[in-house]
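Student: This is the structure, below, for whatever I ask next.
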Amino acid sequence: MDDILKGIHHVEHKERKVSDSEIISTALVSALSFKGNQFHAINYMRTHNMVPAMIGKSGFNKRLHKVATLLMWLFLHIGRLFKYMCAELECIIDSFPLKACDNIRISRSKLLKGEQWWGFNASKQEYFYGVKVQLITTKDGIAVELCFSPGSEHDVNALQKMFMDLPPESTLFGDSAYTAYQLEGRAIQRNRIDRAEDMQEGKQQRSRQTLSEVYKEYHEKTRRNHH
C-alpha cells in the first residue's frame, strides 16, 4: 500500500507518526481477518510491531474517514485495471443492504436522517435503515466496481449512477431488479455490454428470473462456450 501511495504522489503531513498507508492497511486487515472489527485489528497491528505507534480507535476512525475518497478512487482504478488486463468479459451485478442501525434505534440515529434511507430486503423479507451497496464482480467473485445508494432507491436507478466501465462486448448478469430495457439498449449501442441475444429470447420470461436462475443461466452459457 505504501508503494501505491508513493506511486500516485500522495502527500501527507511529515510529522505524522502513523501514515495513511498504515491506516489503510489496518482497515484491510480488519476486513479480511477480523470481520470488520477495527478494535481487534488495531491491537493486532500494534502488538505484532507492524505499526508500533498505532493510534487509538477514535483517532483511527477519524483518519480512516479522511481517506475515504482516496480509498474509493484506488478501488475503482485497481478494479478497472483488473477488468482490462485480465480481459474479464463476464460479470455479475447484485446489491445487498448495509444497516446504519437496528430498526428500534432509528429515531436516535445520528449517521443518517430521513425516509430515503428506509429500504426493504426482499431475501429476508424485512425492512432496514441504511444504504444499498451495488456491487459488480467477476465470475470468480472478485469485486471490480461498487456504488452506494439510499436504502429506498430502486436497483435500476442506482445502476444508472454507476460508471459501468466494462470491456467492450462484455456480458453483465443480474436478476429481475435490474430490468431496464432502455438502459440496456443504450449500453449495447455504446458497445459496452453484449446482451442482444438475451433481449431476443423473451422479455417477459427474463423479467421474472430470480438470482439463482440468473446464476444457473450464466453457468450453462459458460459450459456451452467451453464445449
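The values are calculated or read from the model by the stated rules, or taken from the named source; none is laboratory data. The structure displayed is predicted, hence computed values, not measured ones. We place every Cβ from the backbone using ideal geometry, glycine too, and count neighbours over all the protein chains shown. To get the accessible areas, we keep the full protein, side chains included, count just its heavy atoms, and leave off ligands, DNA and RNA. Shrake-Rupley method; radii C 1.70, N 1.55, O 1.52, S 1.80 Å.
Student: Across segment 63-75, which residue is nearest to residue 19 (Cα to Cα) among those that are open to solvent by less than 100 Å² (accessible area, probe 1.4 Å) and without any contact (Cβ under 8 Å) to a residue 12 or more places away in the chain? Spell out the reasoning first.
Tutor: So the first thing to find is which residues in segment 63-75 are open to solvent by less than 100 Å² (accessible area, probe 1.4 Å), and the list is 63-64, 67-68, 70-72, 74-75.
With without any contact (Cβ under 8 Å) to a residue 12 or more places away in the chain added as a condition, the list becomes 68, 72.
Values: 68: 15, 72: 18 Å.
Top of the filtered list is 68.
Student: Among the residues of segment 134-160, how many are open to solvent by 10 Å² or more (accessible area, probe 1.4 Å) and among the β-branched types (Val, Ile, Thr)?
Tutor: So in segment 134-160, the residues open to solvent by 10 Å² or more (accessible area, probe 1.4 Å) come out as 135, 137, 139-143, 146-148, 150, 152-157, 159-160.
Imposing the further condition that a residue be among the β-branched types (Val, Ile, Thr) reduces the set to 137, 142, 156.
Residues meeting the conditions: 3.
Student: If you check every pair at least six apart or on different chains, which have Cβ atoms under 8 Å apart with a residue in segment 166-179 that is closer than 12 Å to residue 83 by Cα and crowded, with 20+ Cβ neighbours inside 10 Å first and a residue that is at pLDDT below 80 and among the aliphatic types (A, V, I, L, M) second?
Tutor: Cβ pairs passing all conditions: 166/193.
Each row is one residue, and each column tells you yes or no for (1) open to solvent by 30 Å² or more (accessible area, probe 1.4 Å); (2) modelled with pLDDT of 85 or more.
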{"site": "54", "(1), (2)": "no, yes"}
{"site": "61", "(1), (2)": "yes, yes"}
{"site": "79", "(1), (2)": "no, no"}
{"site": "93", "(1), (2)": "no, yes"}
{"site": "97", "(1), (2)": "yes, yes"}
{"site": "100", "(1), (2)": "yes, yes"}
{"site": "120", "(1), (2)": "yes, yes"}
{"site": "126", "(1), (2)": "yes, yes"}
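To keep it simple, each residue is scored yes or no on (1) over 22 Å from residue 32 (Cβ atoms); (2) part of a strand (DSSP E or B); (3) not small (Gly, Ala, Ser).
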position: 60; (1), (2), (3): no, no, yes
position: 74; (1), (2), (3): no, no, yes
position: 94; (1), (2), (3): no, yes, yes
position: 99; (1), (2), (3): no, yes, yes
position: 106; (1), (2), (3): yes, no, yes
position: 110; (1), (2), (3): yes, no, yes
position: 130; (1), (2), (3): yes, yes, no
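Student: Consider residue 149 against the criteria (1) part of a helix (DSSP H, G or I); (2) modelled with pLDDT of 80 or more: it satisfies all of them except one. Which criterion is unmet?
Tutor: With (1) part of a helix (DSSP H, G or I); (2) modelled with pLDDT of 80 or more applied to residue 149, the lone miss is (1).
Student: Determine whether residue 197 is at pLDDT below 75 and either buried (at least 19 other Cβ atoms within 10 Å of the Cβ) or part of a helix (DSSP H, G or I) (or both).
Tutor: Numbers: at pLDDT below 75: yes; either buried (at least 19 other Cβ atoms within 10 Å of the Cβ) or part of a helix (DSSP H, G or I) (or both): yes.
Judged against the criteria, residue 197 is a match.
Student: Now, a different point. Between a residue in segment 142-160 that is over 14 Å from residue 178 (Cβ atoms) and any residue that is acidic (Asp, Glu) and open to solvent by 70 Å² or more (accessible area, probe 1.4 Å), which pairs come within a Cβ distance under 9 Å, given they are 6 or more apart or on different chains?
Tutor: 152/115
Student: Check residue 163 against each of (1) open to solvent by less than 60 Å² (accessible area, probe 1.4 Å); (2) touching a strand residue (DSSP E or B) at 6+ places or on another chain (Cβ under 8 Å) and name the one condition it does not meet.
Tutor: Status for residue 163: all satisfied but (1).
Student: Within segment 25-43, is even one residue touching a residue at least 60 places away in the same chain (Cβ under 8 Å), open to solvent by less than 80 Å² (accessible area, probe 1.4 Å) and within 25 Å of residue 140 (Cα to Cα)? Don't jump to the end; show me each part of the working.
Tutor: Taking segment 25-43 and keeping what is touching a residue at least 60 places away in the same chain (Cβ under 8 Å), we get none.
No, there is no match, as no residue in segment 25-43 is touching a residue at least 60 places away in the same chain (Cβ under 8 Å), open to solvent by less than 80 Å² (accessible area, probe 1.4 Å) and within 25 Å of residue 140 (Cα to Cα).
Student: Criterion first (of a type outside the set (Lys, Arg), farther than 22 Å from residue 173 by Cα and at pLDDT 85 or above) does residue 116 satisfy it? Working first, answer last.
Tutor: Values: of a type outside the set (Lys, Arg): yes; farther than 22 Å from residue 173 by Cα: yes; at pLDDT 85 or above: yes.
Taking the combined requirement at face value, the residue satisfies it.
Student: Turning to a different aspect of this structure: Just name the residue that is nearest to residue 81 (Cα to Cα) out of those in segment 6-24 that are buried (at least 17 other Cβ atoms within 10 Å of the Cβ) and in contact (Cβ under 8 Å) with a residue 24 or more places away in the chain.
Tutor: Residues of segment 6-24 buried (at least 17 other Cβ atoms within 10 Å of the Cβ): 18-24.
Among the residues that remain, those that are also in contact (Cβ under 8 Å) with a residue 24 or more places away in the chain are: 18, 20, 22-24.
Working: 18: 29, 20: 23, 22: 23, 23: 24, 24: 20 Å.
For segment 6-24, the residue satisfying everything is 24.
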